[in-house]
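What follows is calculated from the coordinates using simple rules that are stated; it is not laboratory data. Everything numeric here is computed off the predicted structure, so don't read it as measured data. Quick reminder, even Gly has a Cβ in these numbers, built from the backbone with ideal geometry, and neighbours come from all protein chains shown.
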């Protein structure tokens with residue numbers, strides 16, 4: 001299983017704007033939907049990736065645990081659904097409903113959101129403070145498929161808790177590791 005690390009977008013980067021459809025509600029979700037939140041988490045995920053499958057229950061738990069905390073969350077799938085039909089909107093909706101996601105799950109058909117966030121892998125996490133400045137980009141925790149380390153969400157949860165309580169977040173962050181974003185021909189970041 002090939003591993004791709006996150007690009008580690010520069011801390012302090014302002015959250016790029018996006019406007020995407022939520023595959024469950026059909027409603028349009030944008031950055032503006034989260035401007036009143038104390039912190040904002042963007043997760044690039046998809047149904048078929050073994051790294052995402054390994055942590056998907058923890059992602060749903062995070063949604064439940066932080067539902068009333070002031071944390072805004074959006075999940076985005078940017079994979080080429082034509083080449084990877086398991087990542088098409090109907091499958092995204094199935095995933096969101098079966099796991100009980102309490103946050104929008106959006107489909108980035110033109111892959112512009114993934115490009116603007118410099119997302120490289122699934123899962124890839126970006127946490128912004130109340131000013132929409134990037135304060136964390138890195139791994140969920142040290143668990144990977146097959147390494148025997150329990151999934152706790154510890155790294156991401158620690159960053160979220162710090163952001164919600166206005167505490168500094170350690171700038172030494174480990175990149176997320178996962179499957180590469182499945183780019184459409186010609187859409188790759190270096191194309």
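Of note:
- Here residue 66 clears all of (1) touching a helix residue (DSSP H, G or I) at 6+ places or on another chain (Cβ under 9 Å); (2) over 17 Å from residue 160 (Cβ atoms) except the condition numbered (2).
- Condition broken by residue 38, with the remaining ones in (1) touching a helix residue (DSSP H, G or I) at 6+ places or on another chain (Cβ under 6 Å); (2) within 20 Å of residue 118 (Cα to Cα) satisfied: (2)
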